[in-house]
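The values are calculated or read from the model by the stated rules, or taken from the named source; none is laboratory data. Please read all numbers here as calculations on a predicted model, not as lab measurements. Because the Cβ atoms are built from the backbone with ideal geometry, glycine has one as well, and the counts that use them run over all protein chains shown.
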């Protein structure tokens, strides 16, 4: 089943369209919590501070990469 933006959206189609993004955000959040837990308990305060300092940068790089991937995928899909 392909989802087109010109189609009438039902809640089921909307959920199916957004579910991968929601799942990615949940798993990324869980990763951050688990990573912070293990770093703080096994490495100490300074490494935990370093992880918390660099994490926003990693998220920005990941977001930009995901955006470029999505845009290139859509361009190839629409031009074919």
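Some points to look at:
- Filtered residues of segment 8-47 (kept if in contact (Cβ under 8 Å) with a residue 12 or more places away in the chain and touching a helix residue (DSSP H, G or I) at 6+ places or on another chain (Cβ under 6 Å)): 39
- Odd one out for residue 23 among (1) surrounded by fewer than 10 Cβ atoms within 10 Å (Cβ to Cβ); (2) modelled with pLDDT of 85 or more; (3) closer than 30 Å to residue 78 by Cα: (1)
- Qualifying residue in segment 6-13 (condition: in a helix (DSSP H, G or I), on the phi < 0 side of the Ramachandran plot and under 21 Å from the mean Cα position of the chain (by Cα)): yes
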